[in-house]
Every structure is written in C-alpha cells, then in structure tokens.
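One structure is given here, and the rest of the page talks about it.
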Amino acid sequence: MTPTTDVPHSLALWTDGQEVATVGYEPMNDLWSLAYDHDWAKTPEAFPLSPALPLEPPAAGYVAGAVKRFVENLLPEGRALDITATTYRVSKSNIFALINALGTETTGAFRFWRAGEAPPSVVATPPREVSRDELNQRIGERDTIPLAVWDGKVRMSIAGVQDKLMVYIDRPLQEGGRMFLVEPPLASTHILKPEPGRAATPHLVANEHFCMSLAKRMGLPAADVSIYRTPRPVLVVRRFDRAVLKGEAGPVVQRLHIIDACQAADLPATYKYERNFGSGEMVRNIREGVSFEVLFDRVEQTVNKAAARLNMLRWALFQFLIGNSDAHGKNFSFFVRRQGLEPAPWYDLVSVVQYPGIDHEIAMAYGDAFSLDEVGAFQLADFAKRCKVDRRLLKREATRLAKLATEHAPLQALVDDYVEEEPAFVGQLRDFIVAQASRLTTLASDAAKVRDEYL
C-alpha cells in the first residue's frame, strides 16, 4: 500500500538532512503504509528500514502489519510508555500518536517529522545543559516527577523498561565533559541509566558495568560504558548508533541505522520472549517469540554470514556465563546496510540471577531448557543443532570464552570503579562467573560427544 492523499495522517522520515520515506496511517482500520522517497531509494548509500520493508516493495505490497511492527518496536515500554501516554493525552495503543510525539530521537537513523516540513538544520536555542546536581535531584525525586520528563517534555524514546535519559556529551565526563538534552538537529551520543533504587535489584549499575566491561576485556564487541556518580551511581552508555564527526561549525552527530532482532524478524515487541504468551501451564508450550533459533535465522539476512553466526554464538554463550536470564529479542541488534545486516555491539549485559527475588526463567531456551540449572550437555547439543552451529565450533568457543572469563573476571572485580558495598557484590558476581565458566567447559565438551541420532 502506498500513501496517497486519501490517507488521513502521515509522517516523513528523515536522516542526515534527507527525506527517506513517508509513513501513512488510516486509524479507523489501523492501516499503515510506507513509500520510500524516489531520490533516496536511488542513491548508492540508501538502505531500507528493515528486511521486511525493502526499498523496492513486493508486487503485492508489504506484509500486513510490517510497518506498524517496525514503528512499535521503537517505543519505550513499561512506566516510560505510561508516562508518554499520560503526558500527551493519548492511548498507549495509539502507536501513531506515540511515534508522532517521540519520533524525533528514536533508536537508529531516522527522525519522524511532520509531512511537508523539514527538520531544522540549525539549533534554534542553545542546548539545555544538565548539571550533576540537577541530575542527582531529578533521580531523587523520580517517584513523583518521572525522570523521562524534562521541561514538560518526554525525553525517553528508546525501547526498554528501565529509567533512561538520552543526552549529548561534549567530551568524556571524567575530563570535565558536560551533558545536554537534545533537540533537532542535535542528536544524543549517550544513554544514562541510573540505579533503579528497587530493593530487589541492588547494585544494578555495578552489575551491568561489570558484565559489559568483562565482555570488552574478553575481546567481545560490547558498547562502551562508565559509571558517573552524582553521587548516586549512573551507568553511562556510549551510543553505537551515533557517530560524532567534525563539521565546519563544530561537531556533528551522525545517526546510524540499527534494528533489533524483533524488527529483523518482523515480530512485534510482545514477541521479544520465546514464550510470548508466558509460562503458564496452558501456554508454556507456545514458543512463537524470538528464540535462539529465530535469532540465528537472521544470519541469512547478514552480509557476512560466518562472522554473524560466530557473533551470535559468542553472545549466547556469554549470557550463560554471566547468568543473564533476561537476554531477549530486543537485546540483540544489527546495523542495516543496503547489502544486508551486520551485528551491532552488545548491550544490556546483566547477571539477573544475582537477584533471588526476580524470576530467572530464560528468555531464550537452550534446547528446551528455560532454566540455567536445567542446561546440560544434551540441551547445549540441541541448541547447536537448532541454530545450525557445528558442535566442534561450540566446544572450541565455549572453552575459549570460559578461559577468558576465568582470567578476566577476577581482574575486573579489582578495578577502582566500585565503591562502598559494590566491591562485595562484584566479588560475588566474579565467583559466579568463574563457576559458570568451569561448568560451561564441561558441558560443551560433553555436548560434542552427543550422538546425532539422539537429537
């Protein structure tokens, strides 16, 4: 379906000062449409929104619901979504209204803008600085004034349930850098994730910092993180879908296009868990969401298939090592090129099993095991078969990553980033990872010996 004058509502998509496409919406029948700009589609550097929405649409048009699913996956979840709906007085189910409100600074390359208008090319007012003291105050009062709202505007427009704030940082904070809220054309460069403050998840900032930093130490492609203290701990994540370039009038933030595995598989955000209907007795066998098998099927959409498969295997094994039971379909992303997809750096690496008050059911099962304790040699062998991974490769990579984790986890626990009660917590995390590394080595070795006819 192509947007026409008959479509009641539409938004233009822009990137780097160029109009890319128009999204149309007919609310009574909840019909969405997409038409790429001809000038954009014919440029060599052009790329599609997602594999389900190619630059050249199929003869019969895009699959029903594909445009809506792509847009829906850009929106925040949980409290941030509630706040957005309340602030702008729209229904949480009104995807078009929500992206109209939040679409100027979403994940990836595109800005959603009013049709017939162009986003500003210069900043109309000086950027709004956020000081350390103000950030500390806002974190402290977020139970009454949501952290997502600043100056009467919702500043949270990326997927996820945690409190987050997107900011532009002019230079490293440890070198005296300053933080700013962003308005077009300025784009954010970092994401701030303050300590949640929930009794059930103490030291979550230290937890994620440890796991992300451990991955980097092990030579794995994780996003850059640091801890900023207001004095409350805040995780600072450098956005890998942004690149800071030198412009004639100063730094320019280029937006890079990424999509998550839900978007790559053309699935709604509600399918981010493999058991997309939950684990109740009547629905636990429904597994239509993003599984490891669904994730590895995205290999066929990538430019370098061997490299992508290896990246996904390492990601899956690392989740086992750190005990991240919440590694779901929106926690793996891809850069979008004209030629295909390319795995993006890893993010949201957290040892969820450190928190006994939280459900530890695995978001994606290893074989049929939805609990880390249930994962054995057979389940790993089954995982490898479903994901088309040679079990000799599984054994080699598991052994290598286990050795690296055993070497680097103790070193990461000694860094001076952690204060007060955090060293004891990361020490506990270190011991867990070292034990998991020993277990993974044994399981992977035994998995390689499982006879094919048993799988």
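Normalized C-alpha radius of gyration of the chain, against 2.2 N^0.38 Å? Working shown, then result.
Numbers: Rg = 22.2 Å, N = 455, 2.2 N^0.38 = 22.5 Å.
So the Cα radius of gyration is 0.99 times the expected 2.2 N^0.38 Å.
Can you bin the range 94-203 into rounded, prolate or oblate? Criterion: square roots of the alpha carbon gyration tensor eigenvalues sorted a ≥ b ≥ c, rounded for a/c under 1.5, prolate for a/b above b/c, oblate for the rest. Please report the intermediate quantities before stating the final value.
Working: a/c = 2.04, a/b = 1.33, b/c = 1.53.
Judged from the Cα gyration tensor, the range 94-203 comes out oblate (a/c at least 1.5, b/c at or above a/b).
Residue-wise, which Karplus ³J(HN,Hα) couplings in Hz belong to the range 62-71, taking 6.51 cos²θ - 1.76 cosθ + 1.60, θ = phi - 60°, and x for glycine or proline?
5, 4, 3, x, 5, 5, 4, 5, 4, 5
Take THR87 and ASP224, extend 7 Å from each Cα along the Cα→Cβ direction, and tell me the distance between the two endpoints in nm.
My value for the distance between the label points is 2.8 nm.
Of GLY152, ALA365, THR201, which is farthest on the positive side of the dipole of the chain, counting Cα position, with +1 on Lys and Arg Cβ, -1 on Asp and Glu Cβ, and the Cα centre as origin?
Of GLY152, ALA365, THR201, it is ALA365.
For LEU31, what residues show an amide H to amide H distance below 5 Å, using hydrogens built from the backbone and excluding near sequence neighbours?
Amide H neighbours of LEU31, under 5 Å, 5+ apart: GLU26.
Let me know the shape class of the range 128-255, please: from the alpha-carbon gyration tensor, a ≥ b ≥ c as square roots of the eigenvalues, rounded when a/c is under 1.5, otherwise prolate if a/b is greater than b/c, or oblate. Each step should come with its number before you reach the end.
Working: a/c = 1.73, a/b = 1.11, b/c = 1.56.
It comes out oblate by the Cα gyration axes.
Among the lysines, select those whose C-alpha is under 30 Å from the C-alpha of LYS388, and discard any that sit fewer than 8 residues away in the same chain.
The qualifying lysines are LYS216, LYS272, LYS305, LYS330, LYS403, LYS449.
Step through the residues of the range 16-23 one at a time and calculate ³J(HN,Hα) from phi using the Karplus curve (6.51 cos²θ - 1.76 cosθ + 1.60, θ = phi - 60°), rounding each to whole Hz and writing x for Gly and Pro.
Each residue's phi maps through the Karplus curve to give 6, x, 10, 6, 9, 6, 10, 9 Hz.
Of all GluC sites (Glu not before Pro) in the range 368-441, which ones are in loop regions per DSSP and have a Cβ with at most 14 other Cβ atoms within 10 Å?
Working: sites: GLU374, GLU397, GLU407, GLU420, GLU421; in loops: GLU420, GLU421.
Here the GluC sites (Glu not before Pro) that fit, given the DSSP loop and packing criteria, are GLU420, GLU421.
Can you give me the pair-distance distribution of the range 348-455, C-alpha pairs, 10 Å bins, whole percents?
The distribution over the range 348-455 is 14, 38, 32, 13, 2, 0, given as percents.
Relative contact order for the chain: what is it in percent, counting Cα pairs under 8 Å that are at least 6 residues apart? List each step's numbers first, then the result.
Numbers: 808 pairs, mean separation 56.8, N = 455.
Once normalised by length, the contact order is 12 percent.
May I ask you to compute the full-extension gain from GLU281 to LYS42, defined as 0.36 nm times their residue separation minus their alpha-carbon distance, rounded to one decimal in nm? Can you show the working numbers first?
Numbers: separation 239, 0.36 × 239 = 86.04 nm, distance 5.16 nm.
Stretched out fully, the GLU281 to LYS42 stretch lengthens by 80.9 nm.
For the range 225-298, what does the alpha-carbon gyration tensor say about shape, rounded, prolate or oblate, given a ≥ b ≥ c as the root eigenvalues, a/c under 1.5 as rounded, and a/b over b/c as prolate?
Values: a/c = 4.29, a/b = 1.86, b/c = 2.30.
Oblate.
Can you give the FRET efficiency for ALA435 and ARG178, using 1/(1 + (r/R0)^6), R0 = 51 Å, r = Cβ-Cβ distance, to the nearest 0.05? List each step's numbers first, then the result.
Details: r = 42 Å, r/R0 = 0.83.
E between ALA435 and ARG178, to the nearest 0.05, is 0.75.
Modelled label-to-label distance, GLU248 and ARG451, 7 Å Cα→beta-carbon offset: nm?
Each label point is offset 7 Å from its Cα along the Cβ direction, giving 7.4 nm.
Using DSSP H assignments, which helices in the chain have an axial alpha-carbon span of 20 Å or above and a mean Kyte-Doolittle hydropathy of 0.5 or higher?
Details: long enough: 305-322 (26 Å, 0.76); 391-412 (30 Å, -0.74); 422-447 (36 Å, 0.28).
Qualifying helices: 305-322.
What net charge is computed for the residues neighbouring VAL253, neighbours being all others with C-beta under 14 Å from the C-beta of VAL253, Lys and Arg scored +1, Asp and Glu -1? Before the final figure, lay out the partial values.
On the way: positive: ARG111, ARG171, ARG238, ARG239, ARG242, LYS246, ARG255; negative: ASP16, GLU105, ASP170, GLU183, ASP241.
Surrounding charge for VAL253 is +2.
Taking H as built 1.01 Å from N, whose amide H comes closer than 5 Å to the amide H of TRP150, not counting residues under 5 places away?
Under 5 Å from the amide H of TRP150: ARG155.
Treating only the Cβ of Lys, Arg, Asp and Glu as charged (+1, +1, -1, -1), what charge dipole size does the chain show about its Cα centre? Round to the nearest 20 debye. Could you put the intermediate results ahead of the total?
Values: 52 positive and 58 negative charges, 172 e Å.
So the dipole magnitude of the chain works out to roughly 820 debye.
Tell me the mean residue ellipticity at 222 nm calculated for the chain from its helices only (DSSP H runs of n ≥ 4, each -39500 (n - 2.57), averaged over every residue, nearest 500). Mind showing how you got there, number by number?
Values: 12 runs with 139 residues, N = 455.
Helices in the chain give a 222 nm mean residue ellipticity of -9500 deg cm²/dmol.
Which far-off residues, 5 or more places away or on another chain, put their amide H under 5 Å from the one on VAL253, with H placed in the peptide plane?
HN-HN under 5 Å from VAL253: ALA187, LEU245.
So, in nm, how far is label SER371 from label ALA200 when the simple model puts each one 7 Å beyond its Cα toward the Cβ?
1.8 nm
What is the order of HIS203, HIS408, fewest Cβ neighbours within 10 Å to most? Please list the in-between numbers first.
On the way: HIS203 22, HIS408 19.
Ranking HIS203, HIS408 by Cβ neighbours within 10 Å, fewest first, gives HIS408, HIS203.
Return the sequence-ordered ³J(HN,Hα) values of the range 110-118 in whole Hz as given by the Karplus equation 6.51 cos²θ - 1.76 cosθ + 1.60 applied to θ = phi - 60°, using x for Gly and Pro.
9, 9, 8, 9, 4, 4, x, 10, 10
Any read-out appearing in this document is the output of simple, stated calculations on the displayed coordinates, not a laboratory observation. Quick caveat: nothing in here was measured; it's all calculated off a predicted structure. Neighbour counts are summed over all protein chains in view; Cβ atoms, including those assigned to glycine, are modelled from backbone coordinates with ideal geometry.
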